[in-house]
Amino acid sequence: MGFDLYGTNEQYFRANVWSWRPIVELILETGVLPNDDPDVCYISTNDGYRVVGGLAVAIADALDRRLAELPRIKKFTLDSGDGPYVDEKGFFTDVPGLPAYEVDREMIHEFIVFCRSCTDGGFEIW
């Protein structure tokens, strides 16, 4: 299961459920998403939420700035404090340890490139 992002000019980006959530959290941290859009919460679902072209570029710019502020971090994790967690072998556990949600810096760069390629019409999240 994952998130398939389709640009209006046949661009494509895919993230699994474990990597999309940290990407969304990074986007939310930047404050780039419009506060007046009641549907903005759907960016974290695969229900067809549409990101318009101008916002796609703004997301790319905001993520570029955020990554520049954190040059040493190679992997971004999402840890809510109550799991899910995985052990050192990658198996789920209820013992606090490694967060299950994680995305590496390279995938964030791939997402930034995808966003920049969607300047004409944006993209949808399915």
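Please compute one quarter of the surface area of the Cα convex hull for the chain and express it in square nanometres.
For the chain, the mean projected area of the Cα convex hull comes to 8.1 nm².
Give the long-range amide H neighbours of Trp126: residues separated by 5 or more places, or on another chain, with amide H under 5 Å away, using H modelled in the peptide plane at 1.01 Å from N.
It is Asp4, Leu5, Tyr6, Gly48, by chain and number.
When the helix-only estimate is applied to the chain (DSSP H runs of n ≥ 4, each -39,500 (n - 2.57), divided by the residue count), what is the mean residue ellipticity at 222 nm, nearest 500 deg cm²/dmol?
Value at 222 nm, helices only: -11500 deg cm²/dmol.
In whole angstrom, how long is each semi-axis of the equivalent ellipsoid of the range 57-121, when you take the square root of 5 times every eigenvalue of its Cα gyration tensor and sort them from largest down?
Computed over the range 57-121, the values are 30, 12, 10 Å.
When the Cα centres of the range 111-126 and the range 1-78 are compared, how far apart do they sit, in Å?
Measuring centre to centre over Cα atoms gives 10 Å.
Can you work out ³J(HN,Hα) from phi for every residue in the range 22-30, in order, using Karplus 6.51 cos²θ - 1.76 cosθ + 1.60 and θ = phi - 60°, giving whole Hz and x for Gly and Pro?
x, 5, 4, 4, 4, 4, 4, 4, 6
Label points 7 Å out from Cα along the Cβ direction at His109 and Asp37: separation in nm?
2.7 nm
Can you give me the long-range amide H partners of Tyr101? Hydrogens built in the peptide plane at 1.01 Å from N, cutoff under 5 Å, separation of 5 or more residues or another chain.
Amide H neighbours of Tyr101: Leu78.
What ³J(HN,Hα) values, in whole Hz, does the Karplus curve 6.51 cos²θ - 1.76 cosθ + 1.60 give for the range 85-91 when θ = phi - 60°, with x put for Gly and Pro?
Values, residue by residue: 10, 10, 8, 5, 8, x, 8 Hz.
Please list, in order along the range 66-76, the HN-Hα scalar couplings obtained from phi with the Karplus expression 6.51 cos²θ - 1.76 cosθ + 1.60 (θ = phi - 60°), rounded to whole Hz, x for Gly and Pro.
Working through the residues one at a time gives 5, 5, 5, 6, 10, x, 8, 7, 9, 10, 9 Hz.
Quick one: longest stretch of the chain between exposed loop trypsin sites (Lys or Arg not before Pro), exposed meaning at most 14 other C-beta atoms within 10 Å and loop per DSSP?
Here the longest segment lacking exposed loop sites spans 1-71.
Roughly what would the spin-label model give for Thr93 and Glu25, points 7 Å off Cα along C-beta, in nm?
1.9 nm
Report, to the nearest 10°, how far helix 105-117 tilts away from the longest principal axis of the Cα atoms in the chain, using its own Cα long axis and a range of 0 to 90°.
Rounded to the nearest ten degrees, it is 10.
Tell me which chymotrypsin sites (Phe, Trp or Tyr not before Pro) from the range 47-97 have a DSSP coil assignment and no more than 13 other beta carbons within 10 Å of their own.
Phe91
Throughout, read-outs are computed from the coordinates displayed, never taken from laboratory work. This is a predicted model, so every value here is computed, not measured. Please note: Cβ atoms are built from the backbone with ideal geometry, for glycine as well, and neighbour counts cover all protein chains shown.
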